[in-house]
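Here is the structure we will look at.
The values are calculated or read from the model by the stated rules, or taken from the named source; none is laboratory data. Note that the coordinates shown come from a computational prediction; the quantities given were computed from them, not determined experimentally. Note that each Cβ is placed from the backbone with ideal geometry, even for glycine, and that neighbours are counted across all protein chains shown.
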């Protein structure tokens with residue numbers, strides 16, 4: 001099969017339906033907003049799949065400084081480090097919104113990866129795509145201005161480029177969290193957010209939900 005054919009098959013694979021029909025080794029868990037899913041240092045023995053909602057991943061340094069390292073959406077996996085023999089969680093996971101999460105124990109996940117080739121191909125493709133994203137994040141941190149980094153982060157949170165359907169609004173995020181993820185100060189984030197709003201790149205709605213417009217791409221693409 002050609003690479004285009006493989007990509008087409010992967011795009012047609014319904015992960016949520018497949019996981020919902022697995023025999024045993026999984027359970028659906030509801031986490032209300034701000035509820036901890038697991039904590040850095042916990043035993044690592046399961047993989048999680050987000051059916052609904054957003055999850056924040058954070059790490060804490062030895063001196064107690066916390067940093068946000070990722071925000072995950074519906075259709076994302078997390079906690080897969082256990083599949084490589086990672087005994088303890090290297091980060092904490094917290095529900096940013098009310099979430100429905102499928103928890104799959106390590107043994108069942110390994111078995112289904114070996115048995116179901118379509119699922120295995122999808123999972124590997126997902127991990128490779130996320131690895132590319134992490135590499136792009138590193139390049140972004142090393143070479144781009146804090147304004148460009150913030151603009152790129154907002155576009156990613158709004159899921160621009162994913163199926164061509166941007167999210168209508170991003171749930172409220174503190175400027176401290178955005179500053180952690182961008183690698184700058186909160187006053188700088190505040191300054192740029194105000195400028196983006198005045199230029200019509202973003203809008204605030206009820207409950208401080210944030211709408212990101214495609215015009216924000218101009219900040220990322222402009223040299």
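Quick grid of which residues meet (1) out of contact with any strand residue (DSSP E or B) (no Cβ under 9 Å at 6 or more places or on another chain); (2) assigned to a helix (DSSP H, G or I); (3) buried (at least 19 other Cβ atoms within 10 Å of the Cβ):
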{"position": "75", "(1), (2), (3)": "no, no, no"}
{"position": "94", "(1), (2), (3)": "no, no, yes"}
{"position": "97", "(1), (2), (3)": "no, no, no"}
{"position": "102", "(1), (2), (3)": "no, no, yes"}
{"position": "121", "(1), (2), (3)": "yes, yes, no"}
{"position": "128", "(1), (2), (3)": "yes, yes, no"}
Exercise for the section: Kindly list the number of the only condition in (1) surrounded by 12 or more Cβ atoms within 10 Å (Cβ to Cβ); (2) under 19 Å from the mean Cα position of the chain (by Cα); (3) under 22 Å from residue 55 (Cβ atoms); (4) modelled with pLDDT of 85 or more that fails for residue 189. Expected result: (2)
Fill in the blank from the handout: Across region 205-223, the tally of residues that are modelled with pLDDT under 85 and either exposed (fewer than 11 other Cβ atoms within 10 Å of the Cβ) or under 15 Å from residue 171 (Cβ atoms) (or both) stands at 8
Problem - From 86, 62, 40, residue being surrounded by 15 or more Cβ atoms within 10 Å (Cβ to Cβ) and in a loop (DSSP other than H, G, I, E, B) - result: 40
Problem - Inter-residue pairs, beta-carbon under 7 Å, first assigned by TED's automatic domain parsing to the domain that holds residue 81 and in region 111-123, second at pLDDT below 90 and assigned to a helix (DSSP H, G or I), 6+ apart - result: 119/18; 121/10; 122/10; 122/15
Practice task
Could you tell me whether any residue of region 131-146 is outside any loop (DSSP other than H, G, I, E, B), modelled with pLDDT of 90 or more and crowded, with 18+ Cβ neighbours inside 10 Å?
Solution key: no
